[in-house]
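A.B. asks: Before anything else, here's the structure in question.
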Amino acid sequence: MLDGLELASRLTWDLSQQDLFGGMSYYGPEEHSRYVFIFVGKEAYSGLRGAVNRPGTDGTVRWSGCSLTSRKVILDFTQPESGSQHIEIQNWTHEDMPALFVDKVNHGTILSDPPPELVAAVVGILSEVRDDASFQNQRTLLSQRFAPDGLDQWQQFVVHAVDERGDGIADYNIELYAEGQSLAEFEMDVDTYSGDHSFRCFHVNLSRLKPDSLQSLGLRLIAATGSLYVGYRGYQGKALLREAEGAKPQEGMWMGELDLTPLVREGVAPVEGEKGEVKKDKVKFFCPYTTTLIELRLDRQPLPLNDPNGVCWF
């Protein structure tokens, strides 16, 4: 159970592929599904329990991890430079279900001592929501009543790096940059899943990062195999060299970059729609109080790439 609850765990990633991005909607107007309202406290623990508080949480749960409104972004470095799609966006398959923020309660007191307005909201939901129209009406009303006013804006990015066969890439680093400068705020709070280091979770304070002020955005990926016999290759990439050893490659180290500017300026990117068709739609890379899943794809091949390799030869 603790393994599944760990940040960026394989269980939560695999569950989201079916629960949020699968072919069937589990939350919405369908006969088999349910309408969901998510309430979370705006305060963290006080007293001695406050020692375990982390920013952007109700003392236990991250605000950005509550909403079921999530996107999956595939950044595909395996595609050739021309005529291919390197950025693919997958939307959630159910109704929009944002988190609802409750004043003056934390993860414990939201149940042990709920405020009257929360009790009234739950009673209203149970008595009035009967169909999609009444659900959307309640959602709009409660989103205004339980808004995240006064809170820093947080977003969670869960990243999984894989090769062309879907096997995890454990040794990698990603960096966001704008106007040639690294966005250090993106890397201030990072957790790596202990069971598989190809899974990472980045908890980002958007109020400090200030994405609305960005005129450009790029992602830089550095990956290493730790071997001179196997390396990576991909779009806009190159091997990293050891200058002190006569430009000898560094143990399969590779670096590549992707331009994500359309996701912060025009906000237009290819989005996978129904039946798998790809269309242009307005999306944003940064969206407060949500979780975004990012899948990084790379080619992993024996080295050297253009000569007989040392892994398999006759």
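The values are calculated or read from the model by the stated rules, or taken from the named source; none is laboratory data. Small disclaimer: the values here were computed from a predicted structure and weren't measured. Positions of Cβ are backbone-derived with ideal geometry, glycine not excepted, and every protein chain shown enters the neighbour counts. Ligands, DNA and RNA are stripped out before the accessible areas are found, and what is left, the full protein with its side chains, is counted by its heavy atoms. Shrake-Rupley method; radii C 1.70, N 1.55, O 1.52, S 1.80 Å.
A.B. asks: Filter the range 1-54 down to the residues that are under 20 Å from the mean Cα position of the chain (by Cα) and either acidic (Asp, Glu) or at positive phi (or both) and list them by number.
C.D. replies: Across the range 1-54, the qualifying residues are 3, 6, 8, 14, 19.
A.B. asks: So residue 124 clears everything in (1) at pLDDT 95 or above; (2) touching a strand residue (DSSP E or B) at 6+ places or on another chain (Cβ under 7 Å) except one condition, right? Which one?
C.D. replies: With (1) at pLDDT 95 or above; (2) touching a strand residue (DSSP E or B) at 6+ places or on another chain (Cβ under 7 Å) applied to residue 124, the lone miss is (2).
A.B. asks: With respect to residue 191, is the statement that it is open to solvent by 30 Å² or more (accessible area, probe 1.4 Å), within 21 Å of residue 10 (Cα to Cα) and out of contact with any Leu (no Cβ under 7 Å at 6 or more places or on another chain) true?
C.D. replies: So residue 191 fails the test.
A.B. asks: So in the range 128-152, with the set limited to residues that are under 27 Å from residue 61 (Cα atoms) and basic (Lys, Arg), which one is most open to solvent (accessible area, probe 1.4 Å)?
C.D. replies: 145
A.B. asks: A follow-up question, please. For the range 195-203, check the following and say yes or no: at least one residue is touching a Phe, Trp or Tyr at 6+ places or on another chain (Cβ under 8 Å) and surrounded by fewer than 20 Cβ atoms within 10 Å (Cβ to Cβ).
C.D. replies: Within the range 195-203 (the criterion being touching a Phe, Trp or Tyr at 6+ places or on another chain (Cβ under 8 Å) and surrounded by fewer than 20 Cβ atoms within 10 Å (Cβ to Cβ)), the answer is no, since none of the residues qualifies.
A.B. asks: How many residues are in a loop (DSSP other than H, G, I, E, B) and either among the acidic types (Asp, Glu) or surrounded by fewer than 17 Cβ atoms within 10 Å (Cβ to Cβ) (or both) when one looks only at the range 1-16?
C.D. replies: Residues in the range 1-16 being in a loop (DSSP other than H, G, I, E, B) and either among the acidic types (Asp, Glu) or surrounded by fewer than 17 Cβ atoms within 10 Å (Cβ to Cβ) (or both): 2 in total.
A.B. asks: If you don't mind, another one. Quick one: in the range 153-162, which of the residues that are under 15 Å from residue 189 (Cα atoms) and of a type outside the set (A, V, I, L, M, F, W, C) is least open to solvent (accessible area, probe 1.4 Å)?
C.D. replies: For the range 153-162, the residue satisfying everything is 155.
A.B. asks: Restricting attention to the range 176-188, which residues are within 24 Å of residue 16 (Cα to Cα) and either in contact with a Gly (Cβ under 7 Å, 6 or more places away or on another chain) or open to solvent by less than 40 Å² (accessible area, probe 1.4 Å) (or both)?
C.D. replies: Initial filter on the range 176-188 (within 24 Å of residue 16 (Cα to Cα)): 186-187.
If the condition is that a residue be within 24 Å of residue 16 (Cα to Cα) and either in contact with a Gly (Cβ under 7 Å, 6 or more places away or on another chain) or open to solvent by less than 40 Å² (accessible area, probe 1.4 Å) (or both), then 186 is the only one that fits.
A.B. asks: Additional query: Here are some conditions: (1) surrounded by fewer than 17 Cβ atoms within 10 Å (Cβ to Cβ); (2) farther than 30 Å from residue 262 by Cβ; (3) not β-branched (Val, Ile, Thr). Residue 79 meets all but one. Which one does it not meet?
C.D. replies: Among (1) surrounded by fewer than 17 Cβ atoms within 10 Å (Cβ to Cβ); (2) farther than 30 Å from residue 262 by Cβ; (3) not β-branched (Val, Ile, Thr), the lone unmet condition for residue 79 is (2).
A.B. asks: Name every residue in the range 186-231 that is in a strand (DSSP E or B), touching a residue at least 60 places away in the same chain (Cβ under 8 Å), within 19 Å of residue 257 (Cα to Cα) and not charged (D, E, K, R), in order of residue number.
C.D. replies: 219, 221, 223, 231
A.B. asks: List every residue pair whose Cβ atoms lie under 8 Å apart, where the two residues are 6 or more positions apart in sequence or sit on different chains, the first residue falls within the range 111-127 and is over 13 Å from residue 142 (Cβ atoms) and open to solvent by 90 Å² or more (accessible area, probe 1.4 Å), and the second residue, located anywhere, is among the hydrophobic types (A, V, I, L, M, F, W, C) and modelled with pLDDT of 95 or more.
C.D. replies: As it stands, the answer is 113/105, since those pairs meet every condition given.
A.B. asks: Those residues that are outside any strand (DSSP E or B) and open to solvent by 30 Å² or more (accessible area, probe 1.4 Å), I need them from the range 163-174; list them, please. Walk me through it before giving the result.
C.D. replies: The initial filter retains those residues of the range 163-174 that are outside any strand (DSSP E or B), namely 164-167, 169-171.
Listed by number, the residues that qualify are 164, 165, 166, 167, 170, 171.
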